Amino acid sequence: MNSPGSFLHIGSAGISDIDEIDRIEQEAFNTPWSRELLRAAIVNESYRVRTLRTEEEGLLGFYIAHAMRNRTNLDNLAVERSARSRGYGSQLLQDWMDYARLAHLETLTLQVNTANVRAQKLYEQFYFKTAKLLVAYYPNGDDAYQMERS
């Protein structure tokens, strides 16, 4: 994971994080969120936008989620390309799941591109199951799987 002596911090995102979040978003996805959508999520109290940083490297990943009734949906999770395979995606996912448990949210959902096998395997490690296929879910026409966990 992170190097010895490296301090890892997951915390709430602020407006000052938009440039870094947008850079990671643009690099990670074929259909990235716009800066305007990212900013709107950060300032909207019904969204949970969290960042992962290390002392040495700064902001390396983030997620965006929202809750409604007894459910929460992971809208977006991304880790900087150079920081992948270090367990940061798992740590962000665990942060979201811990929040869901503390908030007594019964169902966790997410959507993942059918071509993103790496992300699907990560979610399966955390006991998410494919619930349905969402045809042409993304603006570019790509399909997604709806994955869920109780």
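The values are calculated or read from the model by the stated rules, or taken from the named source; none is laboratory data. Treat the numbers as computed from the prediction; the structure is a model and nothing was measured. So basically every Cβ, Gly included, is an ideal-geometry build from the backbone, and we count neighbours across all protein chains shown. With ligands, DNA and RNA removed, areas are computed over all heavy atoms of the protein, side chains included. Shrake-Rupley method; radii C 1.70, N 1.55, O 1.52, S 1.80 Å.
Once C-alpha pairs closer than 8 Å and six or more residues apart are averaged by separation and normalised to the residue number of the stretch 31-109, the relative contact order reads 24 percent.
The order of the peptides 70-80, 100-110, 130-140 by mean Cβ neighbours within 10 Å, most packed first, is 70-80, 100-110, 130-140. Across q = 0.24, 0.25 Å⁻¹, the stretch 9-50 modelled as identical point scatterers on its alpha-carbon atoms has Debye log10 I(q)/I(0) values of -0.82, -0.88, in the order of the q list. Calculated from the alpha-carbon coordinates, the stretch 108-150 shows an Rg and a Dmax of 9.9, 30 Å respectively. Only DSSP H runs of four or more residues enter the estimate; each adds -39500 (n - 2.57), and after division by the residues of the chain the mean residue ellipticity at 222 nm equals -9000 deg cm²/dmol.
Note: relative contact order over the stretch 14-72, using C-alpha pairs below 8 Å and six or more positions apart, is 27 percent. If the Kirkwood radius is taken over C-alpha pairs of the stretch 79-134, then at 20 °C and 1.002 mPa s the Stokes-Einstein diffusion coefficient equals 171 µm²/s.
Suppose R0 equals 22 Å; then what is the FRET efficiency for Phe7 and Arg81 from their Cβ-Cβ distance, rounded to the nearest 0.05? The calculated FRET efficiency here is 0.50.
Using Cβ point charges alone (K and R +1, D and E -1), the dipole size of the stretch 27-150 about the Cα centre works out to roughly 240 debye. Just so you know, the Rg over Rh for the chain is 0.94, from Cα atoms, with Rh as the Kirkwood radius. Accessible area per residue for the chain, computed on protein heavy atoms with a 1.4 Å probe, is 55 Å². For Cα pairs less than 8 Å apart in space and 6+ apart in sequence, what is the mean separation divided by the residue count of the chain, i.e. the relative contact order in percent? Taking the mean separation of contacting Cα pairs over the length of the chain, I get 19 percent. Overall, the accessible surface of the stretch 17-150 at a probe of 1.4 angstrom is composed of carbon and sulfur to the extent of 47 percent.
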